[in-house]
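Participant: One structure follows; several queries about it will come next.
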Amino acid sequence: LEILLGDVSRLLAATAGQLPVTRFGDGSYLVLDRQRSESGLESLATQVRETLMQTPFQALGHPLRLRVSAGVCAFKHGFSDAGTMINAVEKVAREARSHDRGVSRYEPPPAAEALKEAALLTNIREALDQDSLVLLYQPVVAVAGNELAQCQTLLRVRDSSGRLHSAAEVIPMAERSGLVVDIDRWV
């Protein structure tokens, strides 16, 4: 895997030209470009994706073609820090997996969505401050052969109307706002 990722890194760097490229996580890469417009960034992402997908790589002596998705996020959106921007581009890269083009561009949430997120973030902070996060325990039933009783622990945050928000809603927001470590410690 490391040999394959090294080959991908070299090809990506050659395709990106003078732009800084770095590996980010197990199989993700970041390309930094402060000059291109959003459409220019999208064109670059499409070009890089096509180059990577059309290149036959080798893994343990066998040919391998890569599936690649790309997220594009411009600096113009005024993120407060690099972590928030990286989270946004990771999210759109995940979304790109379901698109035929394999490339997705960040679009800021509509004002109503931003207000909803701000309210939930306030609920998360208050739940941490008031020691009122909620854990639900869901039994896990073995299909065969396991006599041990098991359960899955599910994190929830209650909002002011009493609705419980799932970890899928809470965790990405907590990561973006730097609260995920506090949640982890609480749990």
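The values are calculated or read from the model by the stated rules, or taken from the named source; none is laboratory data. Because the structure is a prediction, the values reported are computed rather than measured. Backbone-built Cβ (ideal geometry, glycine too); neighbour counts: all protein chains shown. Remember, those area values only see protein heavy atoms, side chains included, never the ligands or the DNA or RNA. Shrake-Rupley method; radii C 1.70, N 1.55, O 1.52, S 1.80 Å.
Participant: Counting just the residues of the stretch 135-162 that are in contact with a helix residue (DSSP H, G or I) (Cβ under 8 Å, 6 or more places away or on another chain) and among the hydrophobic types (A, V, I, L, M, F, W, C), which one comes out least open to solvent (accessible area, probe 1.4 Å)?
Facilitator: Of all residues in the stretch 135-162, those in contact with a helix residue (DSSP H, G or I) (Cβ under 8 Å, 6 or more places away or on another chain) come to 154-160.
Those left that are additionally among the hydrophobic types (A, V, I, L, M, F, W, C): 154-155, 157.
Details: 154: 33, 155: 19, 157: 0 Å².
Per the criteria, the residue is 157.
Participant: Tell me, please, whether a residue that is outside any loop (DSSP other than H, G, I, E, B), in contact with an Asp or Glu (Cβ under 7 Å, 6 or more places away or on another chain) and either surrounded by 10 or more Cβ atoms within 10 Å (Cβ to Cβ) or touching a residue at least 60 places away in the same chain (Cβ under 8 Å) (or both) can be found in the stretch 106-117.
Facilitator: no
Participant: Could you check residue 25 against (1) within 30 Å of residue 109 (Cα to Cα); (2) surrounded by 11 or more Cβ atoms within 10 Å (Cβ to Cβ) and say which number it fails?
Facilitator: For residue 25, the exception is condition (2).
Participant: Report yes if residue 103 is in contact with an Asp or Glu (Cβ under 8 Å, 6 or more places away or on another chain), among the β-branched types (Val, Ile, Thr) and open to solvent by less than 90 Å² (accessible area, probe 1.4 Å), otherwise no. Write out each step before concluding.
Facilitator: Working: in contact with an Asp or Glu (Cβ under 8 Å, 6 or more places away or on another chain): yes; among the β-branched types (Val, Ile, Thr): yes; open to solvent by less than 90 Å² (accessible area, probe 1.4 Å): yes.
Spelling it out, residue 103 is indeed in contact with an Asp or Glu (Cβ under 8 Å, 6 or more places away or on another chain), among the β-branched types (Val, Ile, Thr) and open to solvent by less than 90 Å² (accessible area, probe 1.4 Å).
Participant: Of everything in the stretch 46-69, what is open to solvent by 60 Å² or more (accessible area, probe 1.4 Å) and within 20 Å of the chain's Cα centre (by Cα)? Give them in sequence order.
Facilitator: If the condition is that a residue be open to solvent by 60 Å² or more (accessible area, probe 1.4 Å) and within 20 Å of the chain's Cα centre (by Cα), then 67 is the only one that fits.
Participant: Sticking with this one: Answer yes or no: is there a residue in the stretch 157-165 that is closer than 25 Å to residue 82 by Cβ, acidic (Asp, Glu) and in a loop (DSSP other than H, G, I, E, B).
Facilitator: So the first thing to find is which residues in the stretch 157-165 are closer than 25 Å to residue 82 by Cβ, and the list is none.
No - not one qualifying residue is present in the stretch 157-165.
Participant: While we're here: On the given criteria, is residue 128 free of Cβ contacts under 8 Å to residues at least 12 places away in the same chain and out of contact with any strand residue (DSSP E or B) (no Cβ under 6 Å at 6 or more places or on another chain)? Show your work before the answer.
Facilitator: Numbers: free of Cβ contacts under 8 Å to residues at least 12 places away in the same chain: no; out of contact with any strand residue (DSSP E or B) (no Cβ under 6 Å at 6 or more places or on another chain): yes.
No.
Participant: Six or more apart or on different chains, Cβ atoms under 7 Å: show the pairs whose first residue is in the stretch 77-102 and assigned to a helix (DSSP H, G or I) and whose second is open to solvent by 40 Å² or more (accessible area, probe 1.4 Å) and charged (D, E, K, R).
Facilitator: Here the result reads 84/176; 87/175; 87/176; 92/105, each pair linking the stretch 77-102 to a residue that is open to solvent by 40 Å² or more (accessible area, probe 1.4 Å) and charged (D, E, K, R).
Participant: Scanning for something out of contact with any helix residue (DSSP H, G or I) (no Cβ under 9 Å at 6 or more places or on another chain) and farther than 25 Å from residue 109 by Cβ, does the stretch 168-175 turn up at least one residue?
Facilitator: So in the stretch 168-175, the residues out of contact with any helix residue (DSSP H, G or I) (no Cβ under 9 Å at 6 or more places or on another chain) come out as 168.
Next, from what is left, pick out any that are farther than 25 Å from residue 109 by Cβ: none.
Within the stretch 168-175, none of the residues are out of contact with any helix residue (DSSP H, G or I) (no Cβ under 9 Å at 6 or more places or on another chain) and farther than 25 Å from residue 109 by Cβ.
Participant: Among residues belonging to the stretch 28-45 that are open to solvent by 40 Å² or more (accessible area, probe 1.4 Å) and in a helix (DSSP H, G or I), point out the one that is farthest from residue 74 (Cα to Cα).
Facilitator: Within the stretch 28-45, the subset open to solvent by 40 Å² or more (accessible area, probe 1.4 Å) is 28-32, 34-37, 39, 43.
Adding the requirement that they be in a helix (DSSP H, G or I) leaves 39, 43.
Values: 39: 10, 43: 13 Å.
Per the stated criteria, the residue is 43.
Participant: Return the pair list, or none, for Cβ contacts closer than 7 Å from residues in the stretch 23-50 that are touching a residue at least 24 places away in the same chain (Cβ under 8 Å) to residues that are open to solvent by 60 Å² or more (accessible area, probe 1.4 Å) and polar (S, T, N, Q), at least 6 apart or on different chains.
Facilitator: The qualifying pairs are 30/22.
Participant: Is it true that residue 53 is at pLDDT below 90 and assigned to a helix (DSSP H, G or I)? First the steps, then the outcome.
Facilitator: Working: at pLDDT below 90: no; assigned to a helix (DSSP H, G or I): yes.
So residue 53 does not fit the description; no.
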